[in-house]
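A quick write-up on the structure given underneath.
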Amino acid sequence: MSGSSNSPWDEAGSSSSAAVSTSRQAYAEEQINSDDDADSLSADPLDGELGNNLSFKRKQKPVVPSITTPFSLPRFLSSATPLSTGTSRTSTPQRSHRRTLSRNADPDSKDGSNVDWVAEGPGRRVAYDDLTAIDWIFEYAKERSRLRLLKSTSLGIIGQIRQLIDASAIWIVLIATGVAAGVLAGGIDVISDWLGDMKGGICGGGGRWYLSKSFCCWGVDELAQCKDWRPWASVFGARGGGGWMVEYIGFLVFSILFAATASLLVRDYAIYAKHSGIPEIKTVLGGFVMRKFMGTWTLVIKSLGLCLAVASGLWLGKEGPLVHVACCCANLFVKAFPTLNTNEARKREILSAAAAAGISVAFGSPVGGVLFSLEQLSFYFPDKTMWQSFVCAMIAAVTLQAFNPFRTGKLVLYQVTYHSGWHGFEMVPFAILGILGGLYGGLFIKLNMKVAEWRKTRSIFKGPVFEVIIVALITALVNYPVKFMRAQASELVYTLFAECVDIMDDQLGLCKSGKANTGVVALLILAAILGFLLASITFGLQIPAGIILPSMAIGALYGRAIGLIVEVWQTNHSSWFVFATCEPDIPCVTPGTYAIIGAASALGGATRMTVSIVVIMFELTGALTYVLPIMIAVMLSKWVGDAIEPKGIYEAWIHFNGYPFLDNRDEDAVGVPDVPASQVYTRIEDLVVITATGHTINSLNLLLKEHPYRGFPIINNTLDAILLGYISRTELTFALSSTSLPPRSLPPETETFFIHDALADPHTTLDLRPWMDATPITLNAKSSFMLTVSMFQKLGLRYVVFTERGGLKGLITKKDVWLCLNGEGSGLGEREDLRGADGDGDAGEGLLERRSLDGG
C-alpha cells in the first residue's frame, strides 16, 4: 500500500499543496537553529519550487496548434504523439513537472486520483464504515479529478473510445436496472395474484392449478359462472353453511401461512428486507452508508417476501417496496463498474434514477416516478440525474408493458378510463375529500407511531414472527366477512375507481340502486375505518410492506361512499338550482371519480407528496379534466395533515429509527434554535485530539481502543491548539495497520507525526500527513447555529470544526445537529454504544452525553 513506500516523496506526496501553508512552514522553521539544519529542510518534497506550480485554481490547458490542411482529421483521429509542425513545442518546466506528478501518482490510492489533486488537502481515503455519512465534497472532487486525468491521457482514437466506454457505463447500469425492475415487477404481480386467489380456491380444469382465478376463467363474463375455478368448499364437497365455514378456514390458514413465511424469510436471511425501505433509501440518498441494505440477499428475500405478504391479505402494498427492489438491482449492477462503485456520490445519482423506475412499474407512471424521486427521495438531484431517471423509468415501463402481466395491455391492474367530466357544484365534495385525506394522514401517522413505540417498549409477543402471525389472524378474521376487504387490494382499488358501465361483473355490488345503495355506503365507510386501524398496526411489522396502496384503498373507500351519496342526492333532487348544469337523461355524478380523488387525498395526507401524486393519478386515468380537482384535494390534504402532524409517514419513521437525515429542502427556520453554535458544539475541553508530534504507532492504537469516536482533530500542541487538520478513525486505523505489514514492518514504538519533521528519517518514522484532511470545513467559533445547520443541509457535511484565529474551539457532527433539531436525547443507544456519540465523526463526548451530564 501507499503507506509502506520507502521514498520520502511517497510518504508525503499526497499532501504537498496543503503543507505549503504558512502555519506549517513557520512551525518547521522554529526547529531550525543552524544553516546545516536548513539544508535538511530542502529534502522535504513539499518545500521549494512546488509552490509555483501547485495551485488551488485549475491550470489552463496548454494550447495545441492545429494543422490547417484541407484534409485535416478530427482530434480524436490524431496520434498520441504530437505531429511535427512549424511551431516549436518544447516542454516548459511546468508541463514537465505535471508529467512527473502523473507518473508519481500513487497506484494504491483508494480514490484513484493523482498527487496533483490530493495535494490540495482532502487526503487519502478508504471505504466508509457501516452507519456513517459520506463526504459529498470529497466524492465529487475525486470524480472531477478522475475525469480530468482520463481526458488528459486519452489521445487519439483509442483515447476517445476509452472516454466513450467510461461515459456509457452509467447508461448500461440504468438500462439494465430498468429491464430488471420491469421483469421483477411483472413476476411479483403474477405470483402474488396466484397466491392471493389460492386463499379462495384452485383452478381444477385439466391440471391448471398454477393459474390464478382471472386466467383460469379467461373469456368468462361473470366469474360466478366459471366452472374451471373450484372453491375450497367444492374441493372438499361441503355445502351450505358448512361450505362457507370451510372457505373461511381456508382463507385463514393461507393468510397466516403466507404472512408467517414472509416474516421468517426476513428474520433468517435479510433483516433489511422488512418494511417498505423508502425511509432507509431516503436516508441513504442523503449520504448515509448502510451496508447490506441493497445486497443480493435483500433483493431475493424482498421479492419473495413481497409476493407472500401481498397474497396474505394484510393491509399493505407492494408499490413502496418496489422502489427498494429497483435500488437493489441498480446497486448490484453498479458493482460491475469500478468507476461507479467506488464513488458514493455517483452511486446515489444512480439510485435516484432506480427509485424512479420502481414507482414507474408500481403505478405504470414513468413521469410520476421521476417526480416522486425528485420530490420525495433525492437529496441531490441535478438536471443530469433527472434525465437519467427519465430514461430508467421509461425502460422499466416499456419492459413491464412487454411483460404484460395481466394480458390486458395495462401496466397496473387499476388503470381506468373515465367517459364524463365534472361540474362546478362538485368542488364542495372534492374539497371535503381533501380535508378527509388530511385527517386520515395526520391521524394515521400519529397512531402508527404510537403502535411502533408500544411495540418497541412492550414485548408481549414472543418475537416478531409471532406478532406477524397474530396480526395476520386478526386481519383474516375481519377481512373475510366484509366483501370489500376480502378482495385483494389492487382488485378493490380497480373496482372502486371504475365506472359502472365498465364493470362487467359487479361482485361487490357497487352499482346497486335504491335502498340497497344505502347498505353499500355503510359498508364502504365501515371498510375504510377497519382498513385504517389494520393498516396502522400492520405498517412496521417485520415483513415487506408498503403504505401507498393501503392509503389509496382507504381513500377510495370513503371517496366512493361520498360519491354514492352525492349521486343519490342529485338523482332525488335533480330540479335544484345547484344541479342546473346537469344534462337530462345523462348521469351527472360519477362515483368512481370521487374514489380516485379520495385516494389521491389519502396518499397526500400520509406521504405529503403533491406534484408527483397529481401526475401519477393523471397517468393512471388519462383524464386531464380531473387534474384540477385532484390538485385541490391534494393541497387541502397536505395543509390539514401538516396541521395535525408536521412530518410525513416516511420522515416520521426516519425520526423513529434515529437515522441522521437532514433534509436540504427544509426551509423551516423556525425549527432551528436561534443560538450561537458554541452552545451546541462539543468544546475543545471535551474533545479527544491528537497532537502533531509526540505519538507512536502503539500510542495511537491505544487511543483508538480507548475512544470509540469516528475521528479526531489534529493540533500542533496542547498549548496553542492550532488546528492542522482532521483524520477519520477509518483512515488512521488503516494507515497504522498497513505499516505493520511487509515491506515496511515498522515496530510499535515507531514515531509518528502529522507535520513535516526536518530531522525525521522517512525509513524509520511514519508520516501520517497523506491520510489527514488538511482542509476540513471550518467556521468561526462565534457563528450562529442557524448558519451551521444550513451548511450541513446544503453541503451534506459530516462534521464542522470551529476555530478562532486558527485555534481549535470545538467540533459538531451531523448526528449532533440531528439530535438538536429533533429534540432527542435517547433512542439511539444501540448505535451510540457501538459507533460512538455521533456515528459519523465526532471526537468528543457528543451532544447526547453532554446533555446527560448537564441534566438536559
Checking 741, 702, 746, 779 in turn, the sole residue that is free of Cβ contacts under 8 Å to residues at least 12 places away in the same chain and surrounded by fewer than 22 Cβ atoms within 10 Å (Cβ to Cβ) turns out to be 702
Requiring at least 3 residues that are crowded, with 18+ Cβ neighbours inside 10 Å, the helices (runs of 4 or more DSSP H) wholly within region 328-443 are 344-363, 366-372, 383-403
Per the filter on region 572-588, residues exposed (fewer than 12 other Cβ atoms within 10 Å of the Cβ) and either among the hydroxyl-bearing types (Ser, Thr, Tyr) or part of a helix (DSSP H, G or I) (or both) are 572, 575, 577, 581
Scanning region 285-308 for residues that are touching a Lys or Arg at 6+ places or on another chain (Cβ under 8 Å) and touching a residue at least 60 places away in the same chain (Cβ under 8 Å) gives 285, 287, 306
If you go through 218, 171, 232, the only one that is exposed (fewer than 15 other Cβ atoms within 10 Å of the Cβ) and under 25 Å from residue 313 (Cβ atoms) is 218
The residue from 519, 555 that alone is surrounded by fewer than 22 Cβ atoms within 10 Å (Cβ to Cβ) and either assigned to a helix (DSSP H, G or I) or touching a His at 6+ places or on another chain (Cβ under 6 Å) (or both) is 519
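Results for (1) surrounded by 13 or more Cβ atoms within 10 Å (Cβ to Cβ); (2) outside any helix (DSSP H, G or I), shown as yes or no for each residue.
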residue	(1), (2)
450	no, no
468	yes, no
493	yes, no
496	yes, no
501	no, no
507	yes, yes
524	yes, no
530	yes, no
Scanning region 639-693 for residues that are acidic (Asp, Glu) and in a helix (DSSP H, G or I), the one surrounded by the most Cβ atoms within 10 Å (Cβ to Cβ) turns out to be 651
Scanning region 472-491 residue by residue, those in a helix (DSSP H, G or I) and surrounded by fewer than 22 Cβ atoms within 10 Å (Cβ to Cβ) turn out to be 473, 474, 477, 478, 483, 486, 491
#### Entry: Residue in region 563-571 that is in a helix (DSSP H, G or I) and surrounded by 24 or more Cβ atoms within 10 Å (Cβ to Cβ) present
yes
Filtering region 413-434 down to residues that are closer than 12 Å to residue 602 by Cα and under 30 Å from the mean Cα position of the chain (by Cα) yields 434
Of (1) outside any loop (DSSP other than H, G, I, E, B); (2) in contact with a His (Cβ under 9 Å, 6 or more places away or on another chain), residue 744 satisfies every one except (1)
Result of the Cβ filter at 7 Å on region 328-355, keeping first residues that are closer than 19 Å to residue 135 by Cα and partners that are among the small types (Gly, Ala, Ser) and part of a helix (DSSP H, G or I), at least 6 apart or interchain, is 339/169; 340/169; 350/330; 351/330; 352/373; 352/389
Among helices (runs of 4 or more DSSP H) completely within region 220-317, the ones holding 2 or more residues that are farther than 30 Å from residue 815 by Cβ are 232-235, 240-269, 296-311
| query | Taking the stated definitions as given, is residue 591 crowded, with 22+ Cβ neighbours inside 10 Å, in contact with a Cys (Cβ under 9 Å, 6 or more places away or on another chain) and in contact (Cβ under 8 Å) with a residue 24 or more places away in the chain? | reply | yes
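Each value in this text was obtained by applying a stated rule to the coordinates, not by laboratory testing. Not measured: the values here are computed from a predicted model. Note that we place each Cβ from the backbone using ideal geometry, even for glycine, and neighbour counts take in every protein chain shown.
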